[in-house]
Amino acid sequence: MTEALQKAASRLARNIKNLDGAILKARSPSCALQDAKIYNGIDQPQFLERGSGVFGTLVLEQLSHKAIEDEQRLSNRILREHFLIKLFVWTRFRIIAVHQRMADLVTFHARHKLLFLAYNQKRFRLCGKIVANHERLPEAEVFHLYQQELGQILQKPFPS
């Protein structure tokens, strides 16, 4: 069963690169993010540990900084709010990243200023330096650097 599940998960994972987020099923052998029961094997069905499901692992690898949660953790108000913030921010960024115009990035950065400051002031300032582009880097590289820092800013819920 695991081999068939891995093939199916790999097939599905090819289509997720452009997602802004995902809600997966907790404790599922296919979709869990951290709480699937992992066994020794069919011939030795001993419980080893808890970990990510087959598809959940692929989602985490491909969408590591995006909004990814399981449905049980979304019952926590702070985690749910953080998930929705990440989802909307990543969606807005994806939209402006299509054309990679510096004016759009400047506007995006300005509109999210207070949000990003609440998350991480140091990383927000790094993003400001990236947007200023004093090194005169190509737009594609500026957007790539900004995307990396954005992932770092939104990594954890902001302190309450």
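Where residues in the range 136-160 are charged (D, E, K, R) and at pLDDT 95 or above, which of them is surrounded by the most Cβ atoms within 10 Å (Cβ to Cβ)? In this case the residue turns out to be 149. Of all the criteria given as (1) touching a residue at least 12 places away in the same chain (Cβ under 8 Å); (2) at positive phi, the one not satisfied by residue 119 is (2).
In the range 74-99, the residues that are within 21 Å of residue 24 (Cα to Cα) and assigned by TED's automatic domain parsing to the domain that holds residue 147 reach residues that are aliphatic (A, V, I, L, M) and assigned to a helix (DSSP H, G or I) with C-beta atoms within less than 6 angstrom, at least six apart or across chains, in these pairs: 80/74. Picking from residues in the range 60-91 that are within 9 Å of the chain's Cα centre (by Cα) and of a type in the set (Gly, Ala, Ser), the one that is surrounded by the fewest Cβ atoms within 10 Å (Cβ to Cβ) is 64. Does residue 126 satisfy the criteria of being surrounded by 16 or more Cβ atoms within 10 Å (Cβ to Cβ) and either assigned to a loop (DSSP other than H, G, I, E, B) or touching a residue at least 12 places away in the same chain (Cβ under 8 Å) (or both)? Judged against the criteria, residue 126 is a match. Looking across the range 52-73, the residues that are among the hydrophobic types (A, V, I, L, M, F, W, C) and farther than 12 Å from residue 28 by Cα come down to 58, 59, 60, 63, 67, 68. Select from the range 69-110 the residues that are in a helix (DSSP H, G or I) and among the polar types (S, T, N, Q) and write down the one among them that is nearest to residue 17 (Cα to Cα). By that ranking, first place goes to 91.
The values are calculated or read from the model by the stated rules, or taken from the named source; none is laboratory data. From a predicted model like this one, the values you see are computed outputs, not experimental measurements. Note: ideal-geometry Cβ built from the backbone for every residue, glycine included; neighbour counts use all protein chains shown.
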